[in-house]
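Pasting in a structure now, in structure tokens, and then I'll have a few things to ask.
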Amino acid sequence: MRTGWGDARREGVHRSPEGGLLDVLGVGAMVLDTEGRIVLWSPQAEALLGYAPAEALGRFAARVLVDEEHFELVLRLFTEVMRSGEAWAGVFPVRHKDGTSRLLEFRNMRLQDDRGHFYALGLAADGATLREVERDLALSVRLVDQSPIGLAVLDHDLRYLAANPALERMDGLSADGHLGRRVGEALPFLDSDAIAAAMREVLRSGVPQVSHEVVGRTPADPDTDRAWQVSLYRLDDSGGRVLGIAVSLIDVTDRYRAGAEVERARNRLALIADASVRIGTTLDLEQTARELAEVTVPELADVAAVDVLDSVLKGHPGLTEGPLLIQALAVVAARPNPVVEAADPPGHAAQYGADRLITRCVRTGRPVREPYLDAGILARIARDSRSAELLAEAGAHSYMAVPLIARGEVLGAIDLIRTDNPLPFTEDDELMACELAARAAVSIDNARLYRQQRETALTLQRSMLPRDHHDPVGLEVASRYQPAAARYEVGGDWFDVIGLRQGRTALVVGDVMGSGINAATTMGRLRTATQTLSRLGLQPAEVLGHLDEITADLDPPFATCVYAVYDPDAGWCRMSTAGHLPPVLVPRHGAPRLIDLPAGAPLGVGGVPFSDVTVPLGPGDRLVLYTDGLVETRDDDIDSRLDSLLRLLRDPDPSLEESCDRLLRELRAPADLDDVALLMARVRG
């Protein structure tokens, strides 16, 4: 049987579940005729007053329900309602069937039927129950209206049905501005898609989502990020019907900012700790500058450049009048960026006038921070107009220059630029950059001083080596000296070609243990002593014996050396070694081999005799003397490296010069940490 109930539900009509508000109130209904007799009596009235319909219907309501003392008042009120048609509402004492008197809340009104007859309708509810409901409702309204928590109710379509004053203040949007709109429509600054997805999940599952943090901006404060703790609850009525979703928001911006500040502080400490480990790993100036730049990118800046005064690099710290000549040591960017092209390339010195920001930073020794850049400021950053255009093209919007100060001297500055990071440089960023610069400046200054010392030692070293040796009698000679990589100190390697009496020639290669100026000085003194001793006509072992005594009084007091004397008339070469690697003999016809010499002790040990070995040398034969820097490495054993040397010498080159170059190219790496002295001699045909 069709009842039409399904059609009614499609029209929005549905059966209310038990336990609704009307059920809680228990509203009873009664109808009186014009004489005051009860003609209709509802079940709720029976429940409220105890009279069954048979006990109430047809009787005068006043006689049944009102104490005698209230008759006159009741009749007057009844007459007014029936005569005027105006409704009356109020509280009135009514007699229950059990004889007790109860205060009921009444709503009385006049009814008229189709024949023009009048009736009185009375609706009554227990006064105590009604007062309780009113108190609960008032409390709810007060709580919602006065709560500091933002509260909202949304329907199934996630459109606002209600918003309390706290939410209005948070959103900067009135309640009317919320109503009927979705979250994304009312608050376009928020991640509305994620919020809506969470709401739909709560509507589907009924499981609340509590205390989720949301960060964003609202019309109330469109320029500042704020944070809220958001909770979502599904609203169901007593029958389980889903009414919508309730949202509560607590403003936790202060806590969020405090947490963000703690996180920034933690990141700053981590960055400083990282800088302590990463900056100054070597004494190479460019490497140290690059390490500083790399530490700041991208944590602090998108592009970083380290610049040092040209006068500081030349060993003349101090500021002069007029424009400053500044040399770039390193430029690092988080990604390919036009700013890199705008910056001075490493190794390039550029002149900056007094109006430039880096000049002001270096001259005052104070950081310069420009949170926001315009065309005028860009022109004061860049070296020329084209560089300023590149900075603008890259989206450079914030700049900071921090001085590099070590031992009271301003060395230069680190320049920081933001292009991708949307935030401007802040005072906290400035403090962080100053801390990094202070730590790095000492490492940069150490590398600078080391470079100066190294260059001094290298100049001394090279000044003491033979500048030009004419080919001696019967020999063709080639030599090379190659210092260690830039980040290592210069050692005391040397070679010499000394002309002797009767057309003989002394070939010498030695290596002072140690590095730096002291090693170079000791090398020079040993070379001078070797030249002096050679001209006395002593045998190689005797020369090494005297050098052993001399070395003991030097600093450093140890060295290795191989000393050989070639006699073109006799066709032999007599040699002796003091703890040095064996020379290589490359016969004109035959495989290269290491000459078997008694190793001997290094010079300076004392008390160890040296001995001579004579080796025949014929036309076309080659003799190769070298220091350990040619063959020794940290990763390979010495035997395999010597085998590599012999293998390379199997293939003759057109000239000794080319042989020297090939050996250095094949056996040496750019980062090798030791010097090399190489001396090659070939017997003329």
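Name the single residue, out of those in segment 236-274 being assigned to a loop (DSSP other than H, G, I, E, B) and on the phi < 0 side of the Ramachandran plot, that is surrounded by the most Cβ atoms within 10 Å (Cβ to Cβ).
The qualifying residue surrounded by the most Cβ atoms within 10 Å (Cβ to Cβ) is 252.
On to the next question. Need a quick list: helices (runs of 4 or more DSSP H) entirely within segment 22-98 having at least 1 residues that are surrounded by fewer than 13 Cβ atoms within 10 Å (Cβ to Cβ) and either at positive phi or acidic (Asp, Glu) (or both).
On the way: elements: 43-49, 53-56, 61-65, 71-84.
Fully inside segment 22-98 and qualifying: 71-84.
Then there's this: Given the residues 620, 600, which is the only one that is of a type in the set (Gly, Ala, Ser), more than 21 Å from residue 494 (Cα to Cα) and in contact (Cβ under 8 Å) with a residue 40 or more places away in the chain?
Exactly one residue qualifies, and that residue is 620.
Just to check your reading of the model, which residue among 596, 555, 548 is buried (at least 16 other Cβ atoms within 10 Å of the Cβ) and among the acidic types (Asp, Glu)?
Answer to the check: 548.
Quick check on residue 533: is it farther than 24 Å from residue 649 by Cβ, outside any loop (DSSP other than H, G, I, E, B) and assigned by TED's automatic domain parsing to the domain that holds residue 663?
yes
Okay, moving on. State whether the residues of segment 542-552 include one that is assigned to a loop (DSSP other than H, G, I, E, B) and under 60 Å from the mean Cα position of the chain (by Cα).
The answer is yes, given that some residue of segment 542-552 is assigned to a loop (DSSP other than H, G, I, E, B) and under 60 Å from the mean Cα position of the chain (by Cα).
For the condition more than 22 Å from residue 577 (Cα to Cα) and of a type outside the set (Val, Ile, Thr), what is the one hit in 664, 630, 679?
664
Also: Which residues, counting only those in segment 79-101, are more than 15 Å from residue 124 (Cα to Cα) and of a type in the set (A, V, I, L, M, F, W, C)? Before the answer, list the steps.
Residues of segment 79-101 that are more than 15 Å from residue 124 (Cα to Cα), as a first pass: 79-86, 97-100.
Passing the criteria: 81, 82.
Moving on to the next point. Would you pick out the residues in segment 145-165 that are in a helix (DSSP H, G or I) and modelled with pLDDT under 85?
145, 146
Pick from 142, 107: which is of a type outside the set (S, T, N, Q) and at pLDDT 85 or above? Walk me through it before giving the result.
On the way: 142 fails: at pLDDT 85 or above.
Answer to the selection: 107.
Quick check, is residue 280 assigned to a loop (DSSP other than H, G, I, E, B), surrounded by 14 or more Cβ atoms within 10 Å (Cβ to Cβ) and on the phi > 0 side of the Ramachandran plot?
yes
Another one. Of the residues that make up segment 358-367, is at least one in the same structural domain as residue 446 (by TED's automatic domain parsing), in contact (Cβ under 8 Å) with a residue 12 or more places away in the chain, surrounded by fewer than 20 Cβ atoms within 10 Å (Cβ to Cβ) and of a type in the set (A, V, I, L, M, F, W, C)?
no
Looking for something in a helix (DSSP H, G or I) and touching a strand residue (DSSP E or B) at 6+ places or on another chain (Cβ under 7 Å) - is there at least one such residue anywhere in segment 317-338?
No, segment 317-338 contains no residue that is in a helix (DSSP H, G or I) and touching a strand residue (DSSP E or B) at 6+ places or on another chain (Cβ under 7 Å).
Specify which of the listed residues (218, 288) is touching a residue at least 24 places away in the same chain (Cβ under 8 Å) and under 30 Å from residue 453 (Cα atoms).
On the way: 218 fails: under 30 Å from residue 453 (Cα atoms).
None of the others qualify; the one that does is 288.
Right, next: Does residue 193 satisfy the condition of being in the same structural domain as residue 156 (by TED's automatic domain parsing) and in a helix (DSSP H, G or I)?
yes
I need the full set of residues from segment 211-235 which are of a type in the set (S, T, N, Q) and buried (at least 16 other Cβ atoms within 10 Å of the Cβ), in order please.
If the condition is that a residue be of a type in the set (S, T, N, Q) and buried (at least 16 other Cβ atoms within 10 Å of the Cβ), then 218, 229, 231 are the ones that fit.
Residues 47, 52: which one is in contact with a helix residue (DSSP H, G or I) (Cβ under 7 Å, 6 or more places away or on another chain) and in the same structural domain as residue 127 (by TED's automatic domain parsing)?
52
Which residues, taken from segment 443-466, are in a helix (DSSP H, G or I) and modelled with pLDDT under 70?
Scanning segment 443-466 gives 454, 456, 457, 458, 459, 460, 461, 462, 463, 464.
Continuing with the same structure: Quick check on residue 181: is it farther than 30 Å from residue 434 by Cβ, modelled with pLDDT of 80 or more and assigned to a helix (DSSP H, G or I)? First the steps, then the outcome.
On the way: farther than 30 Å from residue 434 by Cβ: yes; modelled with pLDDT of 80 or more: yes; assigned to a helix (DSSP H, G or I): no.
So residue 181 does not fit the description; no.
Here's something else I'd like to know. Quick check on segment 301-316. Is at least one of its residues in a loop (DSSP other than H, G, I, E, B), in contact with a Phe, Trp or Tyr (Cβ under 9 Å, 6 or more places away or on another chain) and farther than 25 Å from residue 383 by Cβ?
Taking every residue of segment 301-316 in turn, none turns out to be in a loop (DSSP other than H, G, I, E, B), in contact with a Phe, Trp or Tyr (Cβ under 9 Å, 6 or more places away or on another chain) and farther than 25 Å from residue 383 by Cβ.
Can you tell me which residue within segment 558-582, out of those that are aromatic (Phe, Trp, Tyr) and surrounded by fewer than 24 Cβ atoms within 10 Å (Cβ to Cβ), is farthest from residue 677 (Cα to Cα)?
Here the residue is 572.
Out of (1) at pLDDT below 90; (2) part of a strand (DSSP E or B); (3) not basic (Lys, Arg), what's the single condition that is false for residue 524?
Residue 524 satisfies every listed condition except (2).
Continuing with the same structure: Take the conditions in a strand (DSSP E or B), assigned by TED's automatic domain parsing to the domain that holds residue 577, modelled with pLDDT of 90 or more and touching a Pro at 6+ places or on another chain (Cβ under 8 Å) and apply them to residue 508. Does it pass?
no
So that you can scan it fast, the table gives a plain yes or no per residue for (1) modelled with pLDDT of 85 or more; (2) under 20 Å from residue 133 (Cα atoms):
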| position | (1), (2) |
| --- | --- |
| 10 | no, no |
| 16 | no, yes |
| 41 | yes, no |
| 47 | yes, yes |
| 50 | yes, no |
| 59 | yes, no |
| 67 | no, no |
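The values are calculated or read from the model by the stated rules, or taken from the named source; none is laboratory data. These numbers were taken from a predicted model, which means no experiment stands behind them. Note: ideal-geometry Cβ built from the backbone for every residue, glycine included; neighbour counts use all protein chains shown.
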